[in-house]
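Engineer: The structure's right below; bear with me while I get my questions together.
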Amino acid sequence: MPKQIFAKLIKKEKLLDNLYKFSVEAKEIVNIAKPGNFIEIRINENLDPFLRRPISIYNLDKENGILEFIFQVKGKGTKLLAKKEEGELIDIIGPLGSGIFKLEKIKNIAIIGGGIGIFPLYELAKEAQADGLNVNTYIGFRNKDLVVLEKEFQMVSSHLIVTTDDGSYAKNGFAIEYLKSDLESKQIDAIYACGPLPMLKAVKQLAENKNIPCQLSLEEKMGCGLGVCLGCAVKTAGSPKEEPQYIHVCKAGPVFDSKLIEI
Ligand SMILES: Cc1cc2nc3c(=O)[nH]c(=O)nc-3n(C[C@H](O)[C@H](O)[C@H](O)COP(=O)(O)OP(=O)(O)OC[C@H]3O[C@@H](n4cnc5c(N)ncnc54)[C@H](O)[C@@H]3O)c2cc1C
Ligand code: FES
């Protein structure tokens with residue numbers, strides 16, 4: 001059951017221009033959260049902006065009850081959030097969403113993320129590594145100025161590929177090309193992806209062609225985050241037995257079996 005708490009901001013770090021990492025005291029949420037969950041943040045007591053903003057959980061420090069999230073300043077809400085200072089309380093509801101589904105009997109996973117989509121994948125990689133899985137990670141960025149968390153992902157991956165679209169840092173091109181090529185020689189039992197829609201579409205196709213179970217984390221526009229406003233509907237793929245229908249990313253997702261949804 002999600003909790004609403006006032007979490008103390010204990011560390012604020014600027015990772016890049018317009019990109020912040022917040023560490024908050026949130027024992028009640030940390031105790032029950034799992035990889036792939038997200039939180040909804042109320043930006044202001046005066047309800048302007050009115051809607052909470054959804055942000056993924058980046059890291060769960062279970063020992064100390066610390067929750068970390070990373071956000072990019074985009075519009076009004078995140079601009080105001082970035083102004084919060086250490087010591088302030090932040091109104092948070094979480095954990096929300098289904099989170100990642102644990103698969104049984106897998107040994108080798110591939111994690112692929114692009115841009116801000118890499119944040120929810122860190123806790124997954126960390127927990128998978130702690131469970132003894134081989135974690136193959138592919139993270140892509142537009143250019144070298146946007147590369148973040150390389151060291152952090154290195155620590156939780158057995159194999160890490162970093163790419164930039166323009167080749168200005170690390171490997172040149174899209175992360176999926178390197179995953180595709182590794183699939184020719186490596187055993188991969190499951191794929192997890194989060195990032196821009198074109199990337200997710202390509203990962204879905206690749207996984208389904210290769211018959212590898214795949215989970216996608218969608219970052220649909222959201223209003224309430226609680227299944228009430230209908231702002232985040234996506235269409236299911238349907239089946240011979242079932243007509244396609246609309247489901248809520250905030251309740252049923254944001255993580256889905258790739259075969260379940262049409263994107
Ligand atoms: C499940 C989920 C997890 C997310 N995790 C992260 C994360 O870890 N880090 C990060 O930087 N961003 C993340 N986002 C995107 C983030 O929620 C938006 O960037 C943010 O809501 C923008 O708010 P704003 O007020 O600054 O921008 P505005 O554009 O002013 O926002 C206006 C409205 O649109 C909604 N909105 C705008 N862009 C998005 C978007 N991309 N996704 C969903 N709603 C949006 C806002 O919630 C708000 O209701 C996530 C989105 C979802 C749905
Ligand atoms: S965000 Fe309101 S129903 Fe999903």
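The values are calculated or read from the model by the stated rules, or taken from the named source; none is laboratory data. The model shown is predicted, which means the values in this text are computed figures rather than measured ones. With ideal geometry, Cβ positions are generated from the backbone for all residues, glycine too; neighbour counts draw on all protein chains shown. To get the accessible areas, we keep the full protein, side chains included, count just its heavy atoms, and leave off ligands, DNA and RNA. Shrake-Rupley method; radii C 1.70, N 1.55, O 1.52, S 1.80 Å.
Engineer: Would you confirm whether any residue within the range 188-204 is among the aliphatic types (A, V, I, L, M) and either under 30 Å from Leu47 (Cβ atoms) or without any contact (Cβ under 8 Å) to a residue 60 or more places away in the chain (or both)?
Structural biologist: Checked against the condition, which is being among the aliphatic types (A, V, I, L, M) and either under 30 Å from Leu47 (Cβ atoms) or without any contact (Cβ under 8 Å) to a residue 60 or more places away in the chain (or both), the range 188-204 yields at least one hit.
Engineer: A follow-up question, please. Just to verify a result, which residue in the range 208-248, among those that are within 6 Å of ligand 2 (Cβ to nearest atom) and without any contact (Cβ under 8 Å) to a residue 60 or more places away in the chain, is nearest to Leu96 (Cα to Cα)?
Structural biologist: Per the criteria, the residue is Gly227.
Engineer: Being open to solvent by 10 Å² or more (accessible area, probe 1.4 Å) and either among the hydrophobic types (A, V, I, L, M, F, W, C) or away from ligand 2 (no atom under 14 Å from the Cβ) (or both) is the filter here, so list the residues in the range 249-261 that pass it.
Structural biologist: Residues satisfying the conditions are Ala252, Asp257, Lys259, Leu260.
Engineer: Oh, and also: Filter the range 190-204 down to residues that are part of a helix (DSSP H, G or I) and open to solvent by 20 Å² or more (accessible area, probe 1.4 Å) and give me whichever is modelled with the lowest pLDDT.
Structural biologist: Leu197
Engineer: So, one more: Thr164 is checked against (1) surrounded by 20 or more Cβ atoms within 10 Å (Cβ to Cβ); (2) closer than 14 Å to Ala110 by Cα and fails just one. What number does that condition carry?
Structural biologist: (2)
Engineer: Just the residues that are of a type in the set (Asp, Glu) and more than 18 Å from the chain's Cα centre (by Cα), please, taken from the range 149-181.
Structural biologist: Selection gives Asp165, Asp166, Glu177.
Engineer: Here is a follow-up. Would you please name the residue that is nearest to ligand 2 (Cβ to nearest atom), looking only at residues in the range 22-35 that are part of a helix (DSSP H, G or I) and open to solvent by 10 Å² or more (accessible area, probe 1.4 Å)?
Structural biologist: Glu28
Engineer: Pairs please, first residue from the range 36-60 and open to solvent by 70 Å² or more (accessible area, probe 1.4 Å) and within 14 Å of ligand 2 (Cβ to nearest atom), second anywhere and small (Gly, Ala, Ser) and part of a loop (DSSP other than H, G, I, E, B), Cβ atoms under 6 Å, 6+ apart in sequence or on different chains.
Structural biologist: Pairs that qualify, where the first residue is open to solvent by 70 Å² or more (accessible area, probe 1.4 Å) and within 14 Å of ligand 2 (Cβ to nearest atom) and the partner is small (Gly, Ala, Ser) and part of a loop (DSSP other than H, G, I, E, B), are Leu51/Gly223.
Engineer: Which numbered condition trips up Ile212, out of (1) more than 22 Å from Lys107 (Cβ to Cβ); (2) assigned to a loop (DSSP other than H, G, I, E, B)?
Structural biologist: (1)
Engineer: Related question: Can you tell me which residue among Leu230, Leu216, Leu226, Leu260 is at pLDDT 90 or above and aliphatic (A, V, I, L, M)?
Structural biologist: Matching residue, one of Leu230, Leu216, Leu226, Leu260: Leu216.
Engineer: For the range 109-134, which residues satisfy the criterion of being open to solvent by 30 Å² or more (accessible area, probe 1.4 Å), more than 18 Å from Lys62 (Cβ to Cβ) and of a type outside the set (Gly, Ala, Ser)?
Structural biologist: Ile116, Leu133, Asn134
Listed here are the residues, each with its yes/no results for (1) open to solvent by less than 40 Å² (accessible area, probe 1.4 Å); (2) closer than 21 Å to Asn134 by Cβ.
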| residue | (1), (2) |
| --- | --- |
| Glu150 | no, yes |
| His159 | no, yes |
| Ile188 | yes, yes |
| Leu206 | yes, yes |
| Asn209 | no, no |
| Leu226 | no, no |
| Gly231 | no, no |
| Gly238 | yes, no |
| Lys241 | no, no |
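Engineer: Is there a residue being out of contact with any helix residue (DSSP H, G or I) (no Cβ under 8 Å at 6 or more places or on another chain) and closer than 14 Å to Ile118 by Cα anywhere in the range 140-147?
Structural biologist: yes
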